[in-house]
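Participant: Before I ask anything, here is the structure I am working with.
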Amino acid sequence: MNIVVKRKYFKLHCNIFLFWFVIAILGHAKHLACAQWNTNNYLKKEHSLMKPYQGSGMTVPNWDFVGSTMVTSNYIRLTADEQSRTGAIWNKVPCFVRNWELQVHFKVHGQGKDLFGDGLAIWYAKESLQMGDVFGNKDMFHGLAVFLDTYANQNGPHNHGHPYISAMVNNGTLHYDHDRDGTHTELAGCEAKFRGVDHETHISIRYERDTVTVATDIEGKNAWKECFKVSGVKLPTGYYFGASAATGELSDNHDIISMKLYELEISSEIT
């Protein structure tokens, strides 16, 4: 009887050991799967701008800045709340990532209660560091621009209110018409109350399989809300990321806190 009992206990212990061994293997496999998933979208530091900004002296590694841009320890101010200011910051490294997501932490604020302007723009463009009339950057550009427009220049009625976020793709032949707030050349847009809020404001620009998706996190909910999505957008590689802003008779502080570029790992399966 003792031998039979011992065999039963031995068999039971073996089964218990085997059970927990399988659980451990499955748990390890799950951990590896999660780790692999977390590496699919990874930060491209050479195209990103984060605190602390400054390198040696007054330089910002991998970035150039022009115009009224001021670099501080907490933000990069493209324009102060003063009239007739333009400023921009541009990545020095051309981007050869095919599918990407750019997340920008920004803040637009100022003394104006009812009248303020003009806004800022985020760029993926062939030309960099060329100042102009389109939110501080040159007109007739090549590439993609996302405009965060805080003032309605159009005298006639709009189909939307301001602040307003819109996108434009240009091959160097299209003119951005400020008097019409670029409505005749925009891909899509949405109203977005990002100015003068107490919480953090973020925008995401995602380019994946020739589709541009713009989303915002401007309501203090720590969650993305889709603004618009447009397919059939062909963008070359080798362009530059940047941000610019401008003031005219009206003004605002236009601040960039961070710009983070993620490379998207896309399945090779055709969908």
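The values are calculated or read from the model by the stated rules, or taken from the named source; none is laboratory data. Not measured: the values here are computed from a predicted model. Here the Cβ positions follow ideal geometry from the backbone for every residue, glycine too, while neighbour counts run over all protein chains shown. To get the accessible areas, we keep the full protein, side chains included, count just its heavy atoms, and leave off ligands, DNA and RNA. Shrake-Rupley method; radii C 1.70, N 1.55, O 1.52, S 1.80 Å.
Participant: Report, largest value first, the span of the C-alpha coordinates of the stretch 107-201 along each principal axis, in whole Å.
Facilitator: 36, 29, 20
Participant: Over the stretch 100-207, what is the mean sequence separation of C-alpha contacts under 8 Å (at least six apart), divided by residue count, expressed as relative contact order in percent?
Facilitator: After rounding, I find 33 percent.
Participant: Something else about it: Roughly how many Å² is the accessible area per residue of the stretch 81-191, as a whole number, for a 1.4 Å probe?
Facilitator: 43 Å²
Participant: Roll a 1.4 angstrom probe over the protein heavy atoms and tell me the percent of accessible area of the stretch 124-271 that is carbon or sulfur.
Facilitator: On the stretch 124-271, the fraction of accessible area on carbon and sulfur atoms equals 44 percent.
Participant: Length gain on complete extension for the stretch LYS225 to HIS199, per 0.36 nm per residue less the alpha carbon to alpha carbon distance?
Facilitator: Full extension of this stretch gives 7.8 nm more.
Participant: What is the spread of the Cα atoms of the stretch 35-145 along each of their three principal axes, largest first, in whole Å?
Facilitator: Result, largest extent first: 49, 34, 31 Å.
Participant: Please give the net charge around ASN74, taking every other residue with its beta carbon less than 15 angstrom from that of ASN74, where Lys and Arg add +1 and Asp and Glu add -1. If you can, show how the numbers build up before the last one.
Facilitator: Working: positive: LYS51, ARG77, LYS107; negative: GLU200, ASP255.
Its environment carries a net charge of +1.
Participant: Return the tail of the calculated pair distribution for the stretch 119-260, meaning the percent of Cα-Cα pairs more than 22 Å apart. Spell out each step's value before the answer.
Facilitator: Working: 3535 of 10011 pairs.
Summing the P(r) tail past 22 Å for the stretch 119-260 gives 35 percent.
Participant: Just add up the charged neighbours of THR213: K/R +1, D/E -1, any other residue whose Cβ is under 10 Å from the Cβ of THR213.
Facilitator: Working: positive: ARG206, LYS229; negative: GLU101, GLU208, GLU226.
Net local charge, THR213 excluded: -1.
Participant: So if R0 is 35 Å, what FRET efficiency would ASP64 and SER84 give, r being the distance between their Cβ atoms, rounded to the nearest 0.05? Each step should come with its number before you reach the end.
Facilitator: On the way: r = 22 Å, r/R0 = 0.63.
E(calc), rounded to 0.05, equals 0.95.
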